[in-house]
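Comments concern the structure below.
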Amino acid sequence: MLRAISTLIIYVLFINTALADDQLKQRAQKSKEVVMEFMNSLKGELETAIKAGGPANAINVCHKQAPAIAKTLSDKYGWDIGRTSLKTRNPDNTPDEWEIKILNDFEARKTKGEDVKPMAYFAAVDNNGKKAFRFMKAIPTGEVCLKCHGTDIDPTIKAKLHELYPGDMATGFKLGDIRGAFTISQPM
Ligand code: HEC
């Protein structure tokens, strides 16, 4: 009898953990899809603007459209959606303590040889007493990014960036570096 009860308890615990795990995985999957949505709309706008008037023209896309897309998606899903980095350009994107830890973990994972492109992390966390699901997805530095985040930036672009972001830390990146991450927080 005792054995049957303990088996049952273990079984119930197991099912509960499996269900909770499943729920987290579902949230992570949905987060990944929303990140893709963010990435695709930004990339589309960036490429169109570069084609139309070069990278100097595209600064406005990143300056105005990136925060606008983040806001639209945040409103659409009722989540906090944004971009962050260990070296930010816009101080509004400064990472919080949890994000700094995950960004540092991403760097360590990259050093160990992990591919940056699919790199992500999620967890259920306590956000000042409120339970939240948090998700981060690493953003690799591609060729086109170097025009505004690289080591050899055109002086016109440099001047415009400096004017808009006097405290800019987001330069000096090399191809393949982790530029930052998409970050999502959902209430649970
Ligand atoms: C035309 C210039 C330009 C190009 C090209 C560009 N960026 Fe940016 N990037 C910016 C600007 C301007 C900001 C600040 C946006 C803001 O105010 O939120 C920014 C911000 C970011 C941020 C948010 C964190 C921060 O530093 O504030 C990330 C992440 C980022 N860029 C990644 C990329 C990646 C990856 C690429 C290549 C696919 C790229 N950028 C290409 C100009 C550019």
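The values are calculated or read from the model by the stated rules, or taken from the named source; none is laboratory data. Model, not experiment: these values are computed from the prediction. Cβ: placed from backbone, ideal geometry, glycine included. Neighbour counts: every protein chain shown. Just the protein is used for accessible areas: all its heavy atoms, side chains included, with ligands, DNA and RNA removed. Shrake-Rupley method; radii C 1.70, N 1.55, O 1.52, S 1.80 Å.
For residues in the stretch 107-137 being within 12 Å of the chain's Cα centre (by Cα) and not hydrophobic (A, V, I, L, M, F, W, C), which is nearest to Glu97 (Cα to Cα)?
It comes out as Arg134.
Any idea which of (1) without any contact (Cβ under 8 Å) to a residue 60 or more places away in the chain; (2) among the aliphatic types (A, V, I, L, M); (3) within 14 Å of the ligand (Cβ to nearest atom) is the one Leu161 doesn't satisfy?
(1)
As an exercise: evaluate Val144 against (1) closer than 17 Å to Met36 by Cα; (2) hydrophobic (A, V, I, L, M, F, W, C); (3) modelled with pLDDT under 95 and give the number of the one condition it does not meet.
Condition not satisfied by Val144: (1).
Got a number for residues in the stretch 61-97 being assigned to a loop (DSSP other than H, G, I, E, B) and either in contact (Cβ under 8 Å) with a residue 60 or more places away in the chain or open to solvent by less than 40 Å² (accessible area, probe 1.4 Å) (or both)?
The total comes to 9.
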